[in-house]
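Here is the structure we will look at, set down as structure tokens.
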Amino acid sequence: MHHHAYLWTGPKERFDDEALRRPPHPDPPPAGGRPELIERYRQVATEFRTSDLPPLETAYWLVKPRSLVRGTWDEAKEAAAWLGERLAEYTPRFAAESDRDTARLARLVDAAAERLRSGADVSYGCYLERPSYLTLAVVTCSPNRASPELPCPCA
């Protein structure tokens, strides 16, 4: 078992485009269906795997381009440390004062290490100044507990 890290920052309105953050439905709309539904399905089917947008289900980071992997570790503690470093890096930009509490951030990192040791994934999100959003995720791989059929991006 190992862990892959992912980071995304961007406009909150882009993050809110949930259709591009979920995998396409396995069954496309019928050929005679509404043209706007067919076009939207095609867009999602084309862009979901290649988009840098965070997926709604954390495990689906594994199907995204390998170039989006920010780090890979065998040890949960090391992956959690990466999360802690990123949280510390972005703390000055957090929109809410309560999100900057260092004791709270330390608890998040400790909880992440525990979850990763158990084989679970970790995903944190936070509003940044302006209407921006930050997501950090560490996904357990080989296999992923939530979606064991998903391939390792580094294989």
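The values are calculated or read from the model by the stated rules, or taken from the named source; none is laboratory data. Because the structure is a prediction, the values reported are computed rather than measured. Cβ placement follows ideal geometry from the backbone for every residue including glycine, while neighbour counts extend to all protein chains displayed. Each accessible area value is taken on the protein alone, full model and side chains, heavy atoms only, with ligands, DNA and RNA left out. Shrake-Rupley method; radii C 1.70, N 1.55, O 1.52, S 1.80 Å.
Report the local net charge at GLU78: Lys and Arg +1, Asp and Glu -1, summed over other residues whose C-beta lies under 12 Å from its C-beta.
Computed value for this residue: -1.
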Measure off, as a whole percent, the carbon and sulfur share of the 1.4 Å-probe accessible area of the chain, all protein chains present. 51
Length released on extending from ARG145 to GLU36, taking residue separation times 0.36 nm less the Cα-Cα span: 35.7 nm
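Hey, what number do you get for the chain at 222 nm if only DSSP H runs of n ≥ 4 count, each worth -39500 (n - 2.57), divided across all residues, to the nearest 500?
Dividing the helical sum by the residues of the chain leaves -9500 deg cm²/dmol.
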Mean separation of Cα pairs under 8 Å and 6+ residues apart, divided by the residue count of segment 3-121: what relative contact order is that in percent? 30
Per its Cα gyration tensor (rounded if a/c is under 1.5, else prolate when a/b beats b/c, else oblate), segment 98-155 is best filed as oblate
Over the Cα atoms of segment 1-136, compute the convex hull volume and normalise it per residue, giving Å³. 110
What is the extension gain from GLU89 to ARG104, computed as 0.36 nm multiplied by their sequence separation minus the C-alpha to C-alpha distance, in nm to one decimal? 3.9 nm
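Write down the accessible area per residue of segment 67-141 in Å², having rolled a 1.4 Å probe over the full set of protein chains.
Roughly 52 Å² per residue, with all protein chains present.
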